[in-house]
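Reviewing the structure listed below.
The values are calculated or read from the model by the stated rules, or taken from the named source; none is laboratory data. Note that the coordinates shown come from a computational prediction; the quantities given were computed from them, not determined experimentally. All Cβ positions, glycine included, derive from the backbone under ideal geometry; neighbour counts span all protein chains shown. Each accessible area value is taken on the protein alone, full model and side chains, heavy atoms only, with ligands, DNA and RNA left out. Shrake-Rupley method; radii C 1.70, N 1.55, O 1.52, S 1.80 Å.
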Amino acid sequence: MPGFIGRRLAYLVPVLIAVTVLTFLIAALLPGDLAIAMLADEATPEKVAALHREMGLDQPLVFQYLHWLGGALAGDLGRSVRTGEPVLSAILQRLPVTLELMLLAQLIALALGVPLGILCAVRAGGAFDRLVTASAFGKLAVPAYMLAIVLIYVFSVRLKLLPATGYVPLNEDIAGNLRSFVLPAVTLGFGEWPVLMRVLRSDMIATLQEDYIAMATAKGLKPWRILLVHALKPSSLTLVTVTGINIGRLIGGAVLVETIFALPGIGRLLISAINARDFVMVQGVVLFVATGFVLINFAVDMLYGVLDPRIRLGRT
């Protein structure tokens, strides 16, 4: 296992370096003067010159990158030009909201996708399989913002069961917090289950045709034990991969969902920074999110080694 982790870390470092370079270039290669774009109507020569010195824009591009990277490694992502707030502090303050939204959405997606994938694999080609598969393809055609509008209209406007917007902190009211997350989490998670279901269904169908499954059946093992113990684990590798990749989709969806439901998360912070031309904040948020996505995929690689020993021994 240590050798497996070492090999994956050797791949991780170049990827993280590439992430920092691309994130830095978001602002560095914008056309025109970045300081003037950030200051907008307040761009006097004195303020522009002061912002150049503060951000190191008067230095060569390589030195700008190294200075910015050194600050990022030390936890200094700069300060918001609009509010003066440290970028990292603003991100960490809003991070729990986005993490809770993504966690609930992922749980909803797995709670729907995994059981439906197993049932469709067991009844492959049957009426239930065709119905669920058709529903999955239909759901993929529905954009998240449309589902959000429908949910708000039905559960907030018509039935008045759930709040349409707003956020209640978890430490203030657990029930109120969960109520404020129901519609956003369903909006985000309901779009992910079709992919998980289709992937697990395909792998389970192939696994159920293996010889050791036939042997387990011949031994008289209970069907649920064959499915959950002998078939589900080897069929979960692709599911784990897709779940890890879906984190990126959830982050992208969180930007839209947090804006629609007025949740004070990282996605809404990013939209506010873009609208305010606060490129320092945009740069910091993008770097934080991209680095988190890379580290999550690294964790998924580690999970491969747990699920299949052949992977960590380098035999696949």
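Starting from residues that are assigned to a loop (DSSP other than H, G, I, E, B) and in contact (Cβ under 8 Å) with a residue 24 or more places away in the chain, keep the ones in the stretch 211-234 and report whichever is surrounded by the fewest Cβ atoms within 10 Å (Cβ to Cβ). Ranking the candidates gives LYS233 first. Looking across the stretch 119-153, the residues that are outside any helix (DSSP H, G or I) and within 30 Å of the chain's Cα centre (by Cα) come down to ALA141, VAL142, PRO143.
This table checks each residue for (1) in contact with a Pro (Cβ under 7 Å, 6 or more places away or on another chain); (2) at pLDDT 85 or above; (3) open to solvent by less than 50 Å² (accessible area, probe 1.4 Å).
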residue: ILE271; (1), (2), (3): no, yes, no
residue: ARG277; (1), (2), (3): no, no, no
residue: VAL280; (1), (2), (3): no, no, yes
residue: ASN297; (1), (2), (3): no, no, yes
residue: ASP308; (1), (2), (3): no, no, yes
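Here the condition is being among the β-branched types (Val, Ile, Thr) and touching a Phe, Trp or Tyr at 6+ places or on another chain (Cβ under 7 Å); of THR133, THR187, THR165, it holds for THR165 alone. Which residues, taken from the stretch 71-98, are farther than 15 Å from GLY292 by Cα and open to solvent by 40 Å² or more (accessible area, probe 1.4 Å)? The answer is ALA74, ASP76, ARG79, VAL81, ARG82, THR83, GLU85, PRO86, SER89, GLN93.
In the set (1) outside any helix (DSSP H, G or I); (2) loosely packed, with under 15 Cβ neighbours inside 10 Å, TYR167 fails one condition alone, (2). So is ILE251 out of contact with any strand residue (DSSP E or B) (no Cβ under 7 Å at 6 or more places or on another chain), open to solvent by 30 Å² or more (accessible area, probe 1.4 Å) and within 22 Å of ALA290 (Cα to Cα) or not? Spelling it out, ILE251 is indeed out of contact with any strand residue (DSSP E or B) (no Cβ under 7 Å at 6 or more places or on another chain), open to solvent by 30 Å² or more (accessible area, probe 1.4 Å) and within 22 Å of ALA290 (Cα to Cα).
If the condition is being more than 12 Å from MET197 (Cβ to Cβ) and crowded, with 19+ Cβ neighbours inside 10 Å, then the stretch 104-139 contributes ALA105, GLN106, ILE108. When each of VAL286, VAL294, VAL240, VAL229 is tested for being touching a Leu at 6+ places or on another chain (Cβ under 9 Å) and under 27 Å from ALA35 (Cα atoms), the lone residue that passes is VAL286.
Residue count for the stretch 81-98 under the criterion of being over 19 Å from ASN171 (Cβ atoms) and either basic (Lys, Arg) or assigned to a helix (DSSP H, G or I) (or both): the result is 5.
Checking the stretch 121-143 against the condition returns a match, with at least one residue being within 30 Å of GLN283 (Cα to Cα) and at pLDDT below 90. When LEU101 is tested against (1) open to solvent by 50 Å² or more (accessible area, probe 1.4 Å); (2) in a helix (DSSP H, G or I), exactly one condition is not met: (1).
The numbered conditions (1) aromatic (Phe, Trp, Tyr); (2) modelled with pLDDT under 85; (3) open to solvent by less than 50 Å² (accessible area, probe 1.4 Å) are all true for PHE293 except (3).
Per-residue answers, yes or no, for (1) under 21 Å from MET102 (Cα atoms); (2) among the hydrophobic types (A, V, I, L, M, F, W, C):
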{"position": "LYS160", "(1), (2)": "no, no"}
{"position": "THR187", "(1), (2)": "yes, no"}
{"position": "ALA214", "(1), (2)": "no, yes"}
{"position": "LEU221", "(1), (2)": "no, yes"}
{"position": "HIS230", "(1), (2)": "no, no"}
{"position": "LEU239", "(1), (2)": "yes, yes"}
{"position": "ILE245", "(1), (2)": "yes, yes"}
{"position": "GLY248", "(1), (2)": "yes, no"}
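In summary, LEU66 fulfils each of the numbered conditions (1) surrounded by 14 or more Cβ atoms within 10 Å (Cβ to Cβ); (2) in contact (Cβ under 8 Å) with a residue 60 or more places away in the chain; (3) part of a helix (DSSP H, G or I) with the single exception of condition (2). Only one entry of SER180, SER156 meets the criterion of being within 19 Å of ILE251 (Cα to Cα) and either part of a helix (DSSP H, G or I) or not aromatic (Phe, Trp, Tyr) (or both), and that entry is SER180.
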